[in-house]
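The values are calculated or read from the model by the stated rules, or taken from the named source; none is laboratory data. In this text the structure is predicted, and so the values were computed from the model without any measurement. Every residue, glycine among them, receives a Cβ derived from its backbone with ideal geometry; neighbour counts consider all protein chains shown.
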Amino acid sequence: MSATTTRGTKQIRIGRVHRYMEELEKKIAMYQTMYRETMASGSKDSAAIHLVKAQTLKQQLVEMKELFPAS
């Protein structure tokens with residue numbers, strides 16, 4: 001019985017990880033959009049901050065996908 005419970009718990013945790021990865025993808029898209037809009041307005045310093053945030057989150061997402069591949 002404990003094996004089933006453990007397996008269920010692991011599946012729930014992996015599900016949460018995959019949902020978090022989906023949230024990261026949305027945040028990456030948001031920061032990329034903010035980057036483009038800020039560059040268009042001419043504020044290069046703010047745009048650079050958004051670009052760095054997007055790149056950092058993208059690297060985290062890549063690493064998470066390596067650790068927790070989709071089934």
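For region 44-55, a residue qualifies if it is surrounded by 13 or more Cβ atoms within 10 Å (Cβ to Cβ) and either touching a Lys or Arg at 6+ places or on another chain (Cβ under 7 Å) or of a type outside the set (A, V, I, L, M, F, W, C) (or both), and the qualifying residues are SER46, HIS50, LYS53, GLN55. Looking only at residues of region 27-66 that are farther than 23 Å from VAL17 by Cβ and of a type in the set (A, V, I, L, M, F, W, C), we find that the one that is farthest from the chain's Cα centre (by Cα) is ALA40. For region 21-43, filtering for residues that are buried (at least 17 other Cβ atoms within 10 Å of the Cβ) and over 28 Å from PRO69 (Cβ atoms) leaves 3. Taking the criterion of being of a type in the set (Gly, Ala, Ser) and either assigned to a helix (DSSP H, G or I) or over 20 Å from GLY15 (Cβ atoms) (or both), the residues of region 30-71 that qualify are ALA40, SER41, GLY42, SER43, SER46, ALA47, ALA48, ALA54. Within this structure, ILE14 fails the test of being surrounded by 10 or more Cβ atoms within 10 Å (Cβ to Cβ) and modelled with pLDDT of 95 or more. The number of residues in region 10-35 being out of contact with any helix residue (DSSP H, G or I) (no Cβ under 8 Å at 6 or more places or on another chain) and more than 17 Å from VAL62 (Cβ to Cβ) comes to 10.
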